[in-house]
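No value in this document is a laboratory result; all are computed from the given coordinates. What you see is a predicted model, and the numbers here were worked out from it, not measured in a lab. When we count neighbours, we look across all protein chains shown, and the Cβ atoms used for this are built from the backbone with ideal geometry, even at glycine.
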């Protein structure tokens with residue numbers, strides 16, 4: 001896309017976001033900050049962003065993040081409206097995940113020694129819980145919450161020093177995810193599916209919350225997850241060979257990402273579903289083709305007409321938030337902030353999300369014309385279920401068995 005088109009779209013976005021800023025000075029600084037996040041700046045810290053913007057010192061940009069009067073939540077709401085316009089489609093999926101920000105010291109809001117999936121170990125870090133919006137057009141980060149451990153929420157003096165609001169109490173990562181999902185449902189974002197990793201999927205209350213909200217889901221779970229009694233790895237281990245079918249869970253850098261999938265319909269639960277269920281619950285397994293010992297497990301709740309291919313597609317969407325984290329960190333400085341206070345974290349992260357969503361929108365405008373929309377294969381249902389679950393059989397395997405027997 002020509003640079004002039006990018007500039008025109010960015011100016012339109014600035015005009016839209018400018019309504020969140022009552023005064024002209026912070027509005028101009030917001031523009032400079034976002035341009036720096038999008039620009040060829042080696043490290044997106046205060047000094048280098050100020051230098052790129054032509055400022056003598058970083059004081060103005062630091063003031064934007066710390067003491068200036070503007071509402072980052074209002075900007076987030078505008079960002080979600082922008083994402084809905086630029087990326088929205090009826091196939092929208094909301095993806096939940098968290099990421100760590102390695103930090104030194106003890107004064108940055110929410111910092112403590114805790115497990116970081118980003119580092120793969122326990123580190124002194126902050127944890128942010130994020131929501132990404134993904135469609136067949138593109139994907140971007142659309143919401144964020146800073147996780148505050150009990151070591152923080154039980155020390156109000158420490159919270160006040162970091163400008164944590166007095167009303168902010170302890171909330172688990174799943175609680176924060178619920179809040180973001182409810183906000184997204186009230187926003188213009190169009191979605192009916194939610195997906196997340198096993199940290200969220202293993203929580204039965206979280207899955208029940210999604211069902212009560214009328215949302216479908218495919219949630220990763222650990223192999224020890226119990227499904228009506230037995231562990232899910234035990235049940236999948238007893239799947240008939242013809243239950244496995246090779247499906248794509250989406251396109252990667254080298255084409256379709258193919259895995260072997262096995263899925264089974266689970267019996268309805270009368271207490272939840274009544275006499276006429278409106279959804280179907282599933283268990284699902286994804287097996288690597290080259291390393292068949294590597295199996296990932298999922299629980300799902302889906303419309304009655306959903307297929308195994310639909311479930312595989314939604315499960316594959318979860319990796320899009322990892323792509324969002326990587327691109328937002330590498331291209332927009334998501335993890336390169338130098339703020340320590342609560343309000344500064346939310347402001348920097350929200351401005352980065354704005355820049356990241358702009359890039360996603362530009363990619364759509366540059367590449368969508370003439371793109372053929374993919375179709376998803378259907379699955380076949382076994383006519384002869386022989387257990388409490390109903391395995392979805394691979395039609396090729398069924399035909400081969402019928403010929404050779």
query: Which residue, 131, 306, 285, has the most motion in a Gaussian network model of the chain that connects Cα atoms within less than 10 Å?
result: 306
message: Rounding to the nearest 10 and keeping the result within 0 to 90°, find how far the Cα-based axis of helix 395-404 lies from the longest principal axis of the chain.
response: 20
task: Give the order of 232, 102 when sorted by the count of other beta carbons within 10 angstrom, beginning with the fewest.
output: 102, 232
task: Take the Cβ-Cβ distance between residue 212 and residue 4 as r, set R0 to 35 Å, and report the resulting FRET efficiency rounded to the nearest 0.05.
output: 0.10
Whole-Å distance, taken between Cα centres, linking the stretch 116-155 and the stretch 214-283: 26
task: Take the Cβ-Cβ distance between residue 155 and residue 114 as r, set R0 to 22 Å, and report the resulting FRET efficiency rounded to the nearest 0.05.
output: 0.90
task: Be a star and scan the stretch 320-335 for residues whose amide nitrogen sits under 15 Å from the point 7 Å along the Cα-to-Cβ vector of residue 102.
output: 330, 335
query: Say each of residue 179 and residue 272 gets a label point 7 Å from the Cα, pointing the same way as Cα to Cβ; how far apart are those two points in nm?
result: 2.6
- prompt: Based solely on its DSSP helices, what 222 nm [θ] is calculated for the chain when runs of n ≥ 4 H residues each add -39,500 (n - 2.57) and the sum is averaged over all residues, nearest 500 deg cm²/dmol?
  reply: -12500 deg cm²/dmol
Sequence of 317, 324 once ranked by neighbouring C-beta atoms within 10 Å, starting from the fewest: 317, 324
- request: Give the shape of the chain as rounded, prolate or oblate, defined through the alpha-carbon gyration tensor: a ≥ b ≥ c are the square roots of its eigenvalues, a/c under 1.5 means rounded, and otherwise the shape is prolate if a/b is larger than b/c and oblate if not.
  value: prolate
- request: Arrange 259, 33 by Cβ neighbour counts within 10 Å, fewest through most, would you?
  value: 259, 33
message: Taking the 0 to 90 degree range and rounding to the nearest ten, how far is the long axis of helix 342-367 tilted relative to the main principal axis of the chain, both from C-alpha atoms?
response: 60
message: Output the 0 to 90 degree angle, nearest 10, between the alpha-carbon long axis of helix 72-87 and the longest principal axis computed from the alpha carbons of the chain.
response: 50
task: Hey, for a label at residue 35 modelled as a point 7 Å past Cα toward Cβ, could you say which residues of the stretch 45-70 have their backbone N under 18 Å away?
output: 45-65
